[in-house]
Amino acid sequence: MGGEPEFSITLEHLDGYAFRLSFDETTIAPLLVDEPPPLGESRGPNPSLLIAAAVANCLTASLLFCLQKARIQPTGLRASARGRLARNDQGRLRLGGIDVTLTLDPGAEGQPRLERCLGLFEDYCVVTESIRQGVPVSVRVMETGGRVLFERT
């Protein structure tokens, strides 16, 4: 497989549980991320919110792409996502599910071509399909000087 796009981000600790999230090699402004109380102060989205936003955005963009290919110009396209936290067998919080609702008006002329997109768009959503199937994650903890303290691949 080689040649697939890559991306990177950088997190810089600010204070408490707040971090500056930078989207490397882009002109996107950094984002403040924070945990909700009692750990943080909710000064920005936390990782669970970012995942829900990514899933909803990816699904919406994927649907829009398919609709445009089918020459359907929807109006009022929007998405909402509701996440649920659940405890695992060890009592630790995990994402228990994300419910996404997409809303649009395909217009009368788009209605006949809509069905095909509804059967396809999820399969092309990189984020949603990755989350659904599980994402391999490698973890490395390093000291500032470069010494590896922990690594799991």
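The values are calculated or read from the model by the stated rules, or taken from the named source; none is laboratory data. This one's a predicted model, so the numbers in the text were calculated from it and none came from an experiment. Note that we place each Cβ from the backbone using ideal geometry, even for glycine, and neighbour counts take in every protein chain shown. Surface areas here come from the heavy atoms of the whole protein model, side chains and all, with no ligands, DNA or RNA. Shrake-Rupley method; radii C 1.70, N 1.55, O 1.52, S 1.80 Å.
Using 0.36 nm times the number of residues separating THR103 and GLU12, minus their current alpha carbon distance, what extension gain do you get?
29.1 nm
FRET efficiency for the pair ARG113 and LEU39, taken as 1/(1 + (r/R0)^6) with r the Cβ-Cβ distance and R0 = 41 Å, rounds to 0.30.
For the chain, the convex hull drawn through the C-alpha positions has a volume of 190 cubic angstrom per residue.
With a probe of 1.4 Å, find how much accessible area the chain has per residue, and write the answer as a whole number in Å². The partial results should precede the final answer.
On the way: 11560 Å² over 153 residues.
Accessible surface, normalised per residue, equals 76 Å².
Across the options VAL127, ILE72, LEU104, the greatest Cα extent toward the positive end of the charge dipole of segment 47-153 (unit charges at beta carbon of Lys, Arg, Asp, Glu) belongs to VAL127.
May I ask you to derive the FRET efficiency for GLU122 and ASN57 from their Cβ-Cβ distance with R0 = 22 Å, giving the value to the nearest 0.05? Mind showing how you got there, number by number?
Details: r = 14 Å, r/R0 = 0.62.
For R0 = 22 Å, the calculated efficiency reads 0.95.
Please report, as a whole percent, how much of the solvent-accessible surface of segment 5-153 comes from carbon and sulfur atoms (probe radius 1.4 Å).
Details: 6010 of 11100 Å².
Here carbon and sulfur together make up 54 percent of the probe-accessible area.
Taken as entire DSSP H runs, the helices of the chain that both span 27 Å or more between Cα atoms along their own long axis and average -1.0 or more on the Kyte-Doolittle scale are 47-69. Pulled fully out, how much extra length does the chain show between GLU25 and LEU93, if you take 0.36 nm times their separation in residues and subtract their Cα-Cα distance? Working it through step by step, the gained length comes to 21.2 nm. The convex hull drawn around the Cα atoms of segment 50-112, when projected onto a plane and averaged over every direction, covers 5.0 nm².
What number do you get for segment 1-91 when its Cα radius of gyration is normalised by 2.2 N^0.38 Å, N = residues?
Working: Rg = 17.3 Å, N = 91, 2.2 N^0.38 = 12.2 Å.
Output field value: 1.41.
When the trypsin sites (Lys or Arg not before Pro) in segment 1-93 are filtered for DSSP coil states and for at most 11 other beta-carbon atoms within 10 Å of their beta-carbon, the remaining sites are ARG71, ARG92.
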